[in-house]
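Have a look at the structure below before the remarks.
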Amino acid sequence: MFRKLELPELVIHTQKEYINLSLVLVTNQKLCWHYRQKIQQKIASNPQFLDSHGCAKEIGELLNEMINNQHWRRSQDSRDIIKSIGNY
């Protein structure tokens, strides 16, 4: 969500990062208020990820791309196997 809202500094990857960010926001009310306002402003602009139909379409396109890429890889692997068998 924070990536889509263009707030990468709020994206966390580990439990330690989550705890550290939480402590910073709890102890720094000015910073917490700043991010609260930024999030509210960005959500008010109706970002695409809040549009369920648009989001579903985007996910569908990504899934199709993944499936097509996986199919291509399998086809390529099959051709490589056939080539290697022919070399024996």
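The values are calculated or read from the model by the stated rules, or taken from the named source; none is laboratory data. For clarity, every value in this text was computed on a predicted model and none was experimentally measured. Note: ideal-geometry Cβ built from the backbone for every residue, glycine included; neighbour counts use all protein chains shown.
Quick notes
- Against the test of being closer than 18 Å to residue 3 by Cβ, of a type in the set (A, V, I, L, M, F, W, C) and within 17 Å of the chain's Cα centre (by Cα), the options 62, 21 yield a single qualifying residue, 62.
- The set of residues from the range 49-88 being at pLDDT below 65, of a type in the set (S, T, N, Q) and surrounded by 10 or more Cβ atoms within 10 Å (Cβ to Cβ) comprises 75, 76, 78.
- Test: residue 3 is in a helix (DSSP H, G or I) and under 30 Å from residue 58 (Cβ atoms): no
- Residue in the range 31-42 that is part of a loop (DSSP other than H, G, I, E, B), under 20 Å from the mean Cα position of the chain (by Cα) and of a type in the set (Lys, Arg) present: no
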